[in-house]
Amino acid sequence: MPQLTMPNVGEGVTEGTVTRWLKAEGDDVSLDEPVVEVETDKAVVEIPSPFQGTLARILVQEGAVVPIGAPLAEFSGAEATAQAAPVSPPPTAETVIGSARDEQKKRSAPAATTKVRSNGAGSAPGGDGVPAEYRRKRQYSPVVLKLASEHRIDLALVQGTGIEGRVTRQDVMRYLENPALHTVAPPSGAGVVGVERSPTGPATEKPSPRTISGGDETTPLTPTRRTIAARMLESHQTIPVAWMVVEADVTGLVALRERVREEFVRTEGVKLTYMPFFVQAIVAALKQHRAINASYTDAGITQHAALDMGIAVATEAGLVVPVVRDAGAMSIAGLAREINALSVKARGRKLTLDEMRSATLTIDNTGAFGSILSQPIVPGGQVANITTEAIRRELRPLADDTIGARSVMNLCISFDHRALDGAEVGAFMQAVKLNLQAYAADQQVY
């Protein structure tokens with residue numbers, strides 16, 4: 001009897017939690033129709049059916065954690081229809097290392113042969129001039145097609161949050177409630193798929209059963225927390241970390257943001273935080289100091305051409321790190337829009353897998369919590385992690401030998417001492433400092 005198995009839903013994902021069955025035993029299921037919802041440490045995704053037939057038997061109950069390749073359900077009357085796509089087995093150490101090397105080759109390849117991304121960086125076009133990723137989005141399920149027909153919706157404009165950007169039933173319903181927030185622009189020729197707007201109605205992790213004994217309370221680990229723990233432990237045990245801090249005078253930056261922030265909200269509909277300025281200053285410094293934008297392996301150190309910044313976002317489910325692609329090509333306004341959209345999606349558990357993979361450097365705004373000094377952990381696959389600390393008013397000596405109140409902040413960086421030495425990191429941090437200090441109240445943000 002044909003089986004639906006747990007598919008490989010993303011790089012580095014080895015298991016998932018079955019959170020909700022969308023079909024019951026005995027239900028007829030169409031090819032590509034969503035059958036079950038699965039949560040991984042990266043996202044909540046709907047698994048489409050590789051068969052057309054009847055859901056005969058559910059093998060895994062809601063709340064169960066299953067590895068990639070494990071059977072989830074059995075189908076009847078499906079032998080003559082589409083067969084399941086091959087499922088990758090759980091990654092071994094060799095396959096993980098191989099994947100990392102393949103990713104490094106992609107990053108260092110010439111621009112003409114590099115895979116183009118979605119959500120602001122496109123997708124490699126097919127023979128018809130339309131990006132291949134966009135064509136995948138056009139594989140709609142019968143339920144989605146029926147809803148689109150009933151409500152006269154152009155599905156090319158509906159933001160998809162399923163696997164590889166697939167449009168789900170929930171995506172259509174969200175679009176009906178508020179088209180402005182859930183619309184993407186269709187591609188033109190070999191152009192870029194439009195940047196997705198952030199959905200509303202945040203989802204939360206399914207509450208874990210708690211046990212109470214003698215006043216102590218134990219909550220089982222969620223998939224997100226379990227993966228965070230494993231990755232942080234691995235990074236801490238395998239990367240020899242060194243640490244550095246510099247102070248920057250950001251009085252001009254504070255004046256600039258104060259001047260434009262109210263008008264920015266009226267014009268753009270999002271708040272103008274300090275993070276876009278931090279990202280711009282860091283990316284500009286990376287262009288001068290490419291050694292910081294790199295990965296270390298025993299085979300060598302790869303300096304990445306892409307400037308894909310991971311922005312740490314605190315959520316109720318734990319820390320997640322969506323990635324701003326090609327950050328060096330964006331204005332302050334563009335960075336503000338993209339960071340806001342990714343942050344909203346992160347807190348709503350709606351990030352796609354591509355939006356969370358392959359960052360070349362991580363930026364953590366610990367200053368949002370009032371921190372003035374912190375030592376971050378270097379993520380695997382990167383050689384540094386930089387934190388931006390709280391801006392504070394303090395007295396400082398001025399150029400005319402007087403004392404004045406200035407807005408100052410600390411910049412902290414942890415780095416992999418196998419790949420970098422203090423001199424390289426120090427020069428990079430001085431460049432970031434100078435970039436931040438160069439902002440002035442009369443600058444433009446577009």
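A few points about this structure:
- Taking the numbered list (1) under 16 Å from the mean Cα position of the chain (by Cα); (2) of a type in the set (Ser, Thr, Tyr); (3) over 30 Å from Asp421 (Cα atoms); (4) surrounded by fewer than 23 Cβ atoms within 10 Å (Cβ to Cβ) in turn, Thr352 passes all entries but (4).
- Tally, over the range 355-394, of residues that are outside any loop (DSSP other than H, G, I, E, B) and surrounded by fewer than 20 Cβ atoms within 10 Å (Cβ to Cβ): 5
- All of (1) under 21 Å from Ala384 (Cβ atoms); (2) without any contact (Cβ under 8 Å) to a residue 40 or more places away in the chain; (3) not basic (Lys, Arg) hold for Ser235 with one exception: (2).
- One residue alone among Thr267, Thr219, Thr251 is more than 26 Å from Leu353 (Cβ to Cβ) and not assigned by TED's automatic domain parsing to the domain that holds Pro397, and that residue is Thr219.
- Put simply, of Val279, Val283 the only residue that is without any contact (Cβ under 8 Å) to a residue 60 or more places away in the chain, part of a helix (DSSP H, G or I), touching a helix residue (DSSP H, G or I) at 6+ places or on another chain (Cβ under 8 Å) and within 30 Å of Gln430 (Cβ to Cβ) is Val283.
- Residue match in the range 229-240 (condition: hydrophobic (A, V, I, L, M, F, W, C), part of a strand (DSSP E or B) and more than 30 Å from Arg396 (Cα to Cα)): no
- For Gly310, the conditions (1) in a helix (DSSP H, G or I); (2) surrounded by 18 or more Cβ atoms within 10 Å (Cβ to Cβ) are fulfilled apart from (1).
- Checking each residue of the range 397-418 against the condition of being in a loop (DSSP other than H, G, I, E, B), surrounded by 21 or more Cβ atoms within 10 Å (Cβ to Cβ) and either at pLDDT 95 or above or not hydroxyl-bearing (Ser, Thr, Tyr) (or both) gives no match.
- Matching residues, the range 286-296, being under 19 Å from Ser414 (Cβ atoms) and either polar (S, T, N, Q) or not in a helix (DSSP H, G or I) (or both): His289, Asn293, Ala294, Ser295, Tyr296
- Criterion (farther than 23 Å from Tyr439 by Cβ, out of contact with any helix residue (DSSP H, G or I) (no Cβ under 8 Å at 6 or more places or on another chain) and among the acidic types (Asp, Glu)) met by exactly one of Asp298, Asp308: Asp298
- Considering residues of the range 144-187 that are aliphatic (A, V, I, L, M) and at pLDDT below 65 only, the residue nearest to Thr352 (Cα to Cα): Ile163
- Test: residue in the range 330-340 that is touching a residue at least 12 places away in the same chain (Cβ under 8 Å) and surrounded by fewer than 17 Cβ atoms within 10 Å (Cβ to Cβ): yes
- If you go through the range 419-433 and pick out every residue that is surrounded by fewer than 21 Cβ atoms within 10 Å (Cβ to Cβ) and either within 26 Å of the chain's Cα centre (by Cα) or not small (Gly, Ala, Ser) (or both), you end up with 4.
- Restricting the range 337-354 to residues that are part of a helix (DSSP H, G or I) and of a type in the set (Val, Ile, Thr), the residue that is modelled with the highest pLDDT: Ile339
- Summed over the range 243-271, residues that are out of contact with any strand residue (DSSP E or B) (no Cβ under 7 Å at 6 or more places or on another chain), in a helix (DSSP H, G or I) and either among the charged types (D, E, K, R) or within 26 Å of Gly404 (Cβ to Cβ) (or both) total 13.
Let's see how each residue does on (1) of a type outside the set (S, T, N, Q); (2) free of Cβ contacts under 8 Å to residues at least 12 places away in the same chain; (3) closer than 17 Å to Val279 by Cα; (4) not assigned by TED's automatic domain parsing to the domain that holds Gln288:
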| site | (1), (2), (3), (4) |
| --- | --- |
| Thr352 | no, no, no, no |
| Asp364 | yes, no, yes, no |
| Gly381 | yes, no, no, no |
| Asn385 | no, no, yes, no |
| Glu389 | yes, no, yes, no |
| Met409 | yes, no, yes, no |
| Ile413 | yes, no, yes, no |
| Gly426 | yes, no, no, no |
| Val432 | yes, no, yes, no |
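- Matching residues, the range 28-78, being free of Cβ contacts under 8 Å to residues at least 40 places away in the same chain, touching a Lys or Arg at 6+ places or on another chain (Cβ under 7 Å) and closer than 25 Å to Leu319 by Cα: Glu37
The values are calculated or read from the model by the stated rules, or taken from the named source; none is laboratory data. This one's a predicted model, so the numbers in the text were calculated from it and none came from an experiment. For neighbour counting, all protein chains shown are included, and Cβ atoms are generated from backbone atoms with ideal geometry for every residue, glycine included.
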